[in-house]
1. Counting other Cβ atoms within 10 Å of each Cβ, which chymotrypsin sites (Phe, Trp or Tyr not before Pro) in the range 72-125 have at most 14 and sit in a DSSP loop?
2. Putting +1 on Lys and Arg Cβ atoms and -1 on Asp and Glu Cβ atoms, find which of S421, I445, Q468 reaches farthest to the positive end of the dipole of the range 398-474.
3. Under the definition of Cα pairs under 8 Å and six or more residues apart, what whole-number percent is the relative contact order of the range 64-182?
4. My understanding is that a pair violates if its Cα-Cα distance is over 26 Å; which of K127/K447; K28/K527; K177/K294; K177/K354; K25/K527; K25/K177 do that in this structure?
5. If amide H atoms are built 1.01 Å from N in the plane of the peptide, which residues on other chains or at least 5 residues away come under 5 Å of the amide H of W123?
6. Which of the GluC sites (Glu not before Pro) found in the range 387-488 are loop residues per DSSP with 15 or fewer other Cβ atoms within 10 Å of their Cβ?
7. Computing the accessible area with a 1.4 Å probe over protein heavy atoms, can you report the carbon and sulfur percentage for the range 81-131?
8. Working only with C-alpha atoms, what are the Rg and Dmax values of the range 425-507, expressed in angstrom?
Amino acid sequence: MESDERDKECLDLDDLLPEVGEFGKYQKIMLWLVCLPACFPCGFGAFNQLFMSEIPDHWCYVPELQNFTVQERIYLAIPKTNQSHSKCQKYLVDWNEILDGFEDVFSIPINESWEIGNCNSGWEYNKTEVSSSIVIDFDLVCDKDIYPTLGLVALNLGGPLGVYCFGILNDRIGRKKSFFLCLTTLIFGGILTATAQNFWWWAGSRVIVGLTIPAIYQIPFIISLELVGPNYRSFVTVLTCMFYTFGLMLLSGVTYLIRDWVQLAYTTTIPFFLYYIYWFFLPESPRWLLARGKFVEASNILQTLARVNNKDLPESFTYKLKQRISRANASEESLYTKQPNIQSLCGTPNMRLKTCLITLNWFANETVYVGLSYYGPSLGDNQYLSFLLSCVVEIPSYFACWIIMDRWGRRWPLCLCMIISGVSCIATVLIPPEDHVTTLVLFLISKSAISASFLIIYPFAGELYPTQLRGIGIGTSAYIGGLGLIVIPFITYLGSEMLILPLIIMGILSVIGGLSGLRLPETLHYKLPQTAEEGEEFGKDFTVEDCCRCIPLRPEYPKSCSYEALELHTLKEDDETDLVRKVSIKRLARQSSVMDTPKDVDGTMKMTYWF
């Protein structure tokens, strides 16, 4: 009887995929041609406004001196502060009286006792490097210089609300319809951005764009995960992160070629109309269809999947599927009556400690990663090259942590990456202010390290939370971590006065997060807790020796169903020997992992707030 009950609970679409192809031709076509390119709009929408709100050199507009050259106007009308000309003040004098009798402007003596006032007539801008910007069009300087930062805050305010709303739609109307609704919202917000006539219009349009971030990324990611077998979800996750980064690299080229902010808004929006062609190719998630009892549609997709993969769909599939769904519906009431809540995460000492540490690490990772992405264009002599390099350095970090995670575990790589990132940021305080190259190099090291740790934190958190609490646990940690996206624009704003100050703040936060993560128990080779009670016991006997152990041990377990087995860590001994000799990409691609979104009681995957 007990084994029968376990069999009922374990039945899943994952049981069918090995028979029709876990990662066959069908999945590869969907992944490479549809789902992965669908990651591009997220990066474009999230970071294009960094180049719309560039701040050029500026000074007060003086109507009486418009017949003179720029150099002459600045020399005469703009007071000096700390060996540079003021950006927000000018001399308030009678220029007809001052200029009377002088033929050479530069021979006129500047009297520092002249009255100084604000730029009541507006500003002039140096358009040599920045020819177009919302800062220029809407005069967002001096007492309004924080407005571009408020624009970033507006973008990030929309994210949590959008993920919540599109998450509900994703579960109710399906992945395909919710993706195109999300895409439509993004395009509408992008066009509204390009047509903005004032700052508040522009900021409101960024809230609309923010509603789709990161939902526009997560929906095709979920479809990808639900189409492939569990052995390839780790590989798909890494690929999705890489394509997201490729999108940012493409964005750096677009922003370099298009310097007009209105044209940039159109260029980073209009091409995504082509994605509506995906309506004819993007399949609905068969897992979602099965969970909603839409057996005919699900069967059609799975038959296509099997046919393209040169496999045969088992004839008994429909019959077994109906039995499974009936049993799931019968037990659904009991599952929902004991639905976990946030109190379950903090009800016992060990779970409370792990929840706090995971959330702190998530907050530090997300804040520093996004903060460095925002801050990249400010460093170096060429903002476009700096942004490109900050994206390129993510690629090797993804490959490295993809390999290292399954050799050295999650805990030490996560903590070392965060500490390296933090130390690299803090080290910029030792660099002379004029040495932009060294500052940029340290920044790139920091960005590469935090990118690796940000890839690790999601599966690590998923493995630390017990199955019963995984959905609510990851959702809670991710949402609290997302608060950093609202705070980080104000931190980067501090760089307008002191370039390295935001790096120091982010560096300290990263180091604190890395050191605190050492207290978390390792999950590599371990069978993970399924219930809240088992979650309390997991890592409860953590010792100093465990903290200092870099390469985790492989414990011996009796055969049991009470814990989730991570087959990711159960390579055969001869396979491990081969892995030492040669890293096989094919073997790396085929890894079982919990590196996916939390599942509902019906087996469908849930959206959570993460990049």
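The values are calculated or read from the model by the stated rules, or taken from the named source; none is laboratory data. Just so we're clear, the structure is a prediction, and the values are computed from it rather than from any experiment. Positions of Cβ are backbone-derived with ideal geometry, glycine not excepted, and every protein chain shown enters the neighbour counts. These accessible areas exclude ligands, DNA and RNA; they are computed on the full protein's heavy atoms, side chains included. Shrake-Rupley method; radii C 1.70, N 1.55, O 1.52, S 1.80 Å.
1. Within the range 72-125, the qualifying chymotrypsin sites (Phe, Trp or Tyr not before Pro) (loop, at most 14 other Cβ atoms within 10 Å) are F102, W114.
2. Q468
3. The normalised contact order for the range 64-182 reaches 16 percent.
4. Over 26 Å apart, Cα to Cα: K127/K447; K28/K527; K177/K354; K25/K527.
5. Residues meeting the amide H criterion: Y61.
6. Passing both the DSSP loop test and the Cβ count: E434.
7. In the range 81-131, the share of accessible area belonging to carbon and sulfur is 42 percent.
8. Just the Cα atoms of the range 425-507 yield Rg and Dmax of 16.5, 54 Å.
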